[in-house]
1. Just the residues that are buried (at least 18 other Cβ atoms within 10 Å of the Cβ) and farther than 19 Å from ALA190 by Cα, please, taken from segment 153-174.
2. Those residues that are within 16 Å of the ligand (Cβ to nearest atom) and touching a Lys or Arg at 6+ places or on another chain (Cβ under 8 Å), I need them from segment 147-187; list them, please.
3. Please tell me if PRO95 is within 16 Å of the chain's Cα centre (by Cα) and over 25 Å from PHE110 (Cα atoms).
4. Inside segment 29-137, counting only strands (runs of 3 or more DSSP E) that do not spill past its ends, which hold 1 or more residues that are of a type in the set (Gly, Ala, Ser), out of contact with any Gly (no Cβ under 7 Å at 6 or more places or on another chain) and at positive phi?
5. Restricting the search to segment 1-28, which residues are of a type in the set (Asp, Glu) and either assigned to a helix (DSSP H, G or I) or on the phi > 0 side of the Ramachandran plot (or both)?
6. Could you say whether any residue in segment 76-99 is surrounded by fewer than 23 Cβ atoms within 10 Å (Cβ to Cβ), over 29 Å from GLY154 (Cβ atoms) and touching an Asp or Glu at 6+ places or on another chain (Cβ under 8 Å)?
7. Report, by residue number, each residue of segment 9-19 that is within 24 Å of LYS73 (Cβ to Cβ), away from the ligand (no atom under 15 Å from the Cβ) and touching a residue at least 60 places away in the same chain (Cβ under 8 Å).
Amino acid sequence: MEIKIAVIGGTGVYDPNILSDIRNEKVATPYGEVELKIGKHQGRLVAFMNRHGEGHSIPPNMVNYRANIDALKKLGVKNILATAAVGSMNPLMQPGHLVFVDQFLDFTKFRQQTFFDGGNAGVVHTDMTEPYCPGLREILSQAAQSQGLTYHNGGVYVCTEGPRFETAAEIKMYRMLGGDLAGMTGVPEAPLAREMEMCYAAIAMVTNFAAGISPVRLSHQEVVDTMIHNGENIRKLLMQAIEQIKDDRACSCHSAS
Ligand code: HPA
């Protein structure tokens, strides 16, 4: 049976408890070996990957994004549901809300952004007009709606280099530029998935108001605590979304260039 669906668990989503019959798998890629889990949900095989490694040991700026996406491609994955903890700079997007991101602004600095490094790998300029799969976003919105969760279908994700949080002035600037949310991992994960012509959706959970908006100093513990507090909502959402993913979606993610 093919593994067409993968979940990338971000901060606070470490447990593949959406799945049964779980086995460990190691996938070799030119960028390094990737350890992940493969299990079943409603008779379908699903891959589960911890973005930050076992015990949250890999910071966002050190994640081997190319190895992770290449490993999923090698397994045959066509659809990626990726969770992400985010800080909000939009007063309408509040802690505990879900946002199914539809655009990003990239402020990362030192990351490998492409599989196409020139030479034998070639040079490719991928269209990124619509960086997230609109079909998966619709499935997530319907699932969130039917479960009575507070969600936003669309939002602009600002990817920062991290691992530090932003300054208050940076958040003010990102807001002026049209950002809604700040996170540290969405880029290059989303564009690499598009280079590999896979559908990719980000399930952003607002864990805090961003720097200068939040009345308190930011801490990783606050982020993890909010994710764990909302873990059951994310789990149910993932399960329902996985059930709804069909093979015949009319999106253009699978013809990227
Ligand atoms: N900024 C960047 N990344 C984050 C935040 C934040 O405020 N909260 C959770 N991830």
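No lab work stands behind these numbers, since they all come straight from the coordinates. As the structure is a computational prediction, the values presented were derived from the model and not from experiment. Positions of Cβ are backbone-derived with ideal geometry, glycine not excepted, and every protein chain shown enters the neighbour counts.
1. Correct list: PHE165, GLU166, GLU170, ILE171, TYR174.
2. Those that are within 16 Å of the ligand (Cβ to nearest atom) and touching a Lys or Arg at 6+ places or on another chain (Cβ under 8 Å): GLU161, THR185, VAL187.
3. Against the criterion (within 16 Å of the chain's Cα centre (by Cα) and over 25 Å from PHE110 (Cα atoms)), PRO95 does not qualify.
4. In segment 29-137, the matching strands (runs of 3 or more DSSP E) lie at 32-41.
5. The one that is of a type in the set (Asp, Glu) and either assigned to a helix (DSSP H, G or I) or on the phi > 0 side of the Ramachandran plot (or both): ASP21.
6. yes
7. Hit for segment 9-19 is ILE18, nothing else.
Per-residue answers, yes or no, for (1) within 26 Å of TYR174 (Cα to Cα); (2) in contact (Cβ under 8 Å) with a residue 24 or more places away in the chain; (3) not basic (Lys, Arg):
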{"residue": "ALA202", "(1), (2), (3)": "yes, yes, yes"}
{"residue": "MET205", "(1), (2), (3)": "yes, yes, yes"}
{"residue": "PHE209", "(1), (2), (3)": "yes, yes, yes"}
{"residue": "PRO215", "(1), (2), (3)": "yes, no, yes"}
{"residue": "SER219", "(1), (2), (3)": "yes, no, yes"}
{"residue": "GLU222", "(1), (2), (3)": "yes, no, yes"}
{"residue": "THR226", "(1), (2), (3)": "yes, yes, yes"}
{"residue": "ASP248", "(1), (2), (3)": "no, no, yes"}
{"residue": "CYS251", "(1), (2), (3)": "no, yes, yes"}
